[in-house]
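Input: a single structure, listed below in structure tokens.
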Amino acid sequence: MKLFLTFLIFIITTVAEARQTKLAVITSELDKDVMDFYLITNEKNIIDSIRYVQTSPNGSIIDDVSVPAERVMEEGGVVIVERDGYDAVILEVERFTQKAGGMIKLNYLHSGVTKTRNAKYINLALVNGRFTLLDKENNEVNRLYIKANYVRVIGLVGIKEIVTSFSKDTQALLSLDSF
């Protein structure tokens, strides 16, 4: 019984120390859904997992997925957007550690017709004790917008590009929130 109580206290303490940081809001020209992208760290500020929550325009949750960091690192990425049977956006990592972050590669389907893919690179870095996303010029990023790739006559064939931005008015989105 004593061992069980000790184990239970350990689990409660570990869960209480986990932190969830909202890194970005992802919107799209393809639909009106919104995806919130989170990073979950343990009590030592080491990355445990990523989480993304997709909601419809009326606020109902479409998808709520948590993926262990090890899986993203070992399996070569995780599909975060799927459309019509295609892996539209795959989140991959390069030169990445759970202690310091690294390069996030958003591998996206440019054209389903030609099966071509492009990539958007964003750095996940530890800045002043918190993880944040940075663009090539080291500007903080908290918004990503997926632009559709339309071809005349055919219609939607993929993703034209992923645009990043940061709004100082939304600095609160980057704060650490206990869950």
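With the condition being at pLDDT 75 or above and surrounded by fewer than 17 Cβ atoms within 10 Å (Cβ to Cβ), I'd like the strands (runs of 3 or more DSSP E) fully within the stretch 129-179 carrying at least 1 qualifying residues.
Correct list: 130-134, 143-151, 155-165.
Among residues belonging to the stretch 42-92 that are of a type in the set (D, E) and outside any loop (DSSP other than H, G, I, E, B), point out the one that is surrounded by the fewest Cβ atoms within 10 Å (Cβ to Cβ).
Within the stretch 42-92, the match that is surrounded by the fewest Cβ atoms within 10 Å (Cβ to Cβ) is E74.
The values are calculated or read from the model by the stated rules, or taken from the named source; none is laboratory data. Everything numeric here is computed off the predicted structure, so don't read it as measured data. For neighbour counting, all protein chains shown are included, and Cβ atoms are generated from backbone atoms with ideal geometry for every residue, glycine included.
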